[in-house]
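Read-outs: derived from the displayed coordinates by stated rules, not from any lab. Since we're looking at a predicted model, the values are computed, not measured. All Cβ positions, glycine included, derive from the backbone under ideal geometry; neighbour counts span all protein chains shown.
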Amino acid sequence: MPKSRTPLTLGWEAARANAVPALIIQAIMLALLIAYYTNHRVFSGLNQLADYKSAHGLTFVIITSITAGAIIPEIFLILFFQRGRPNWQNLRTLLFTIPVLGVDGSLVDLLYRSEAAWFGDVVTLQVVCTKICVDQFGYNPFFAAPFGVLTYEWKNNGISPGPLRQLFTLAHYRDKILPTLLATWAVWIPLMAIIYSLPLALQFPLFGLALSFWVLLLTYMTNRFAGKIEADAPLALATAD
């Protein structure tokens, strides 16, 4: 990283580069939240989705995570940027993203259920703010962001102990994790405020919806404006060169 570009600068550039898709997704999610509490049809439809999630548990979580974060974006990539012609790189990408998204989604659902047990499955300002703090300033900096950076470094560089050794160094956290966190917070803190304002059974389905929109928009951006970031770059992270 050039000395003139600090982690704060990189994080700010990434957040600014992702501003438009972030605002679109946040607007969509906010509209769903308002409709849930004001429109009977939306309320009934989302509650049916919540019941389905409760009935199928971990199976629903894994399938939703893989579909939203891996399969739909790859289909989108094939249809709009490869003229409908899949190749071996698509399969290689799926072989990486499917297990990663399956594990990641399971952990996110576990986090939501744990927070409901700790703080209650109620929508109050105190509870929502507490869950956001645990999620974005606990789970994210200590696990989610380092895990995301590590897995994509492994994918891009081959499975080797090098990235794992670097993961526990201050320089690695400062130069790679911190910019990722800054870009992530700009997008996901408002989204988490919306998600945590819904009942527990709806939190993961709405997270999956937000994840799918986010990956689709990033896939479009990164392929439409070549040279910004790779098509399979970590979620909520763009580098503005």
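Calculate one ³J(HN,Hα) per residue across the stretch 53-69 by plugging θ = phi - 60° into the Karplus curve 6.51 cos²θ - 1.76 cosθ + 1.60, and present them in order as whole Hz with x for glycine and proline.
5, 5, 6, 9, x, 5, 4, 4, 4, 5, 5, 4, 4, 5, 5, 6, x
What distance in nm separates the two pseudo spin-label positions at Phe80 and Ser114, each 7 Å out from Cα along the beta-carbon direction?
That separation, rounded to one decimal, is 3.5 nm.
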